[in-house]
Amino acid sequence: MLFKVVKAEEAVGKRLAFDVTKINERFKGAVFKRGHVVRAEDVEILKDSGHYYVYVEEESEELKNLRDEIGEVEAVYELGRFIVGDNVEVHEADEGKAVITSKVKGIVKINSEALKAINTSGVFVVVTRRNNDVVDVGSTVGIVDLIPLTIPRSYLNYIKDLLSNSVPVVYVKPFNNLRVGLVITGTEIFEGRVEDKAYPVVKDKVVKYGGVLEGVVKVPDDKEVIKSAIREFINSYDVVIVTGGMSVDPTDFTPKAIAEVSDEVVIYGIPIKPNTMTMVAYLEGKPIIGVSSAIIYFRDWNVLDLLLPRVMAGDRIFKEDLITLGEGGLTEAFLKGMGRY
């Protein structure tokens, strides 16, 4: 696209080459959009918005032969389409942006190194959700911006070549309708002395992330009984969650039971607050999540909000994924719950 700069008064009758924005304490957006034919009454609006000069489309055939450039709208849309993968779509938006949205409920996946390469260019800027963030249908996943108003077609092709082995940069993994079994430990609960409060919390989290809580059993603080319940549920369900008995008290047998029954213990003790005393393990390729009773206190956000989205999206969880959570692991939910926010 070709354009030139003219005074607002001289723009009357001409098409705007780019969106014209207005920003104040109540509004930020396009006061006139690209392609708008400027009218005489628009001049004062342009000046009130701080635009005494504007870009208008230039129709010169001579200039067209000299330049092989594309405007911001075309550039960001084309790059956006190039970098996305499954379950997302790209839309043109105001102010020369392309918006990436999710077509499903699931978790965002980002190729961080490729994203860094784009943003190192100094020409394109791509801003996304964090890797593994939960998104719904229609949620904004990312935005593609162009710093200059135009770029040579050859530069866009260069960026695409640079990323050719790194796409997709952005995509969404959908939640699967996984079936969950819940083992509730605690002799006091098993004997009916204390009412279990973990079940509604776990059920809400499972449903929130696309799963179905199908099996529930209460067992005493007996390692062999806990192991037996886990084995039975692994045979019947896709995921097993075990609540209670996750600390180091004399009757806290849950970590030992999970460790002895599983094929692999990924981690015991996640560097995050709340619910540090959490265990992730696998048996026959199926995840086992052991969580403390603290989930009943931290109902709004707890470690299940961290682990279940990835499990429900079919991710395999590795220790390396979890040990990096220490930085930022002191969560707002924990600080609010402790009255130290």
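Data overview
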item: Qualifying positions in segment 232-270 - in a strand (DSSP E or B) and under 22 Å from GLU320 (Cα atoms); result: VAL239, VAL240, ILE241, GLU264, VAL265, VAL266, ILE267, TYR268
item: Total residues in segment 177-214, condition closer than 30 Å to ASN87 by Cβ and crowded, with 16+ Cβ neighbours inside 10 Å; result: 15
item: Residue in segment 257-273 that is nearest to the chain's Cα centre (by Cα), counting only those that are closer than 19 Å to LEU182 by Cβ and not small (Gly, Ala, Ser); result: ILE258
item: Residues located in segment 26-48, provided they are farther than 12 Å from LEU16 by Cα, in contact (Cβ under 8 Å) with a residue 24 or more places away in the chain and part of a loop (DSSP other than H, G, I, E, B); result: ALA40
item: Pairs where the first residue, in segment 104-117, is buried (at least 20 other Cβ atoms within 10 Å of the Cβ) and the second is of a type in the set (D, E, K, R), C-beta under 6 Å, 6+ apart; result: LYS105/ASP136; GLY106/LYS173; ILE107/LYS173; VAL108/ARG129; VAL108/ASP133; LYS109/LYS173
item: Residues of segment 195-228 that turn out to be within 25 Å of PRO309 (Cβ to Cβ) and part of a helix (DSSP H, G or I), as a count; result: 11
item: Residues located in segment 285-301, provided they are touching a residue at least 24 places away in the same chain (Cβ under 8 Å), part of a helix (DSSP H, G or I) and aliphatic (A, V, I, L, M); result: ILE295, ILE296
item: Odd one out for ILE151 among (1) over 26 Å from the mean Cα position of the chain (by Cα); (2) surrounded by fewer than 14 Cβ atoms within 10 Å (Cβ to Cβ); (3) over 19 Å from ASP252 (Cβ atoms); result: (2)
item: Selected residue (criterion: surrounded by the most Cβ atoms within 10 Å (Cβ to Cβ)) from residues of segment 72-103 that are small (Gly, Ala, Ser) and either outside the structural domain of ASP161 (by TED's automatic domain parsing) or within 16 Å of the chain's Cα centre (by Cα) (or both); result: SER102
item: Filter result for GLY244 (closer than 25 Å to GLU188 by Cβ, of a type outside the set (D, E, K, R) and buried (at least 24 other Cβ atoms within 10 Å of the Cβ)); result: yes
item: Odd one out for LEU304 among (1) without any contact (Cβ under 8 Å) to a residue 24 or more places away in the chain; (2) in contact with a Phe, Trp or Tyr (Cβ under 9 Å, 6 or more places away or on another chain); result: (1)
item: Options ILE226, ILE230, ILE258, ILE272; residue that is outside the structural domain of SER139 (by TED's automatic domain parsing), surrounded by 23 or more Cβ atoms within 10 Å (Cβ to Cβ), touching a Gly at 6+ places or on another chain (Cβ under 6 Å) and not basic (Lys, Arg); result: ILE258
item: Checklist (1) within 30 Å of the chain's Cα centre (by Cα); (2) within 14 Å of GLU58 (Cβ to Cβ) applied to GLU10, failing item; result: (1)
item: Hits in segment 130-148 (condition: under 21 Å from VAL73 (Cα atoms), part of a strand (DSSP E or B) and of a type outside the set (S, T, N, Q)); result: VAL141, GLY142, ILE143, VAL144, ASP145, LEU146
item: Some residue of segment 157-178 being in a strand (DSSP E or B) and more than 26 Å from TYR282 (Cβ to Cβ); result: yes
item: Failed item, numbered, when TYR282 is tested on (1) hydroxyl-bearing (Ser, Thr, Tyr); (2) in contact with a Gly (Cβ under 7 Å, 6 or more places away or on another chain); (3) free of Cβ contacts under 8 Å to residues at least 60 places away in the same chain; result: (2)
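Listed here are the residues, each with its yes/no results for (1) surrounded by 19 or more Cβ atoms within 10 Å (Cβ to Cβ); (2) more than 18 Å from GLY181 (Cα to Cα).
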| position | (1), (2) |
| --- | --- |
| THR278 | yes, no |
| GLY285 | no, no |
| GLY290 | yes, no |
| SER293 | yes, no |
| ARG299 | no, yes |
| VAL303 | yes, no |
| VAL311 | yes, no |
| LEU325 | no, yes |
| THR331 | yes, yes |
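The values are calculated or read from the model by the stated rules, or taken from the named source; none is laboratory data. What you see is a predicted model, and the numbers here were worked out from it, not measured in a lab. Quick reminder, even Gly has a Cβ in these numbers, built from the backbone with ideal geometry, and neighbours come from all protein chains shown.
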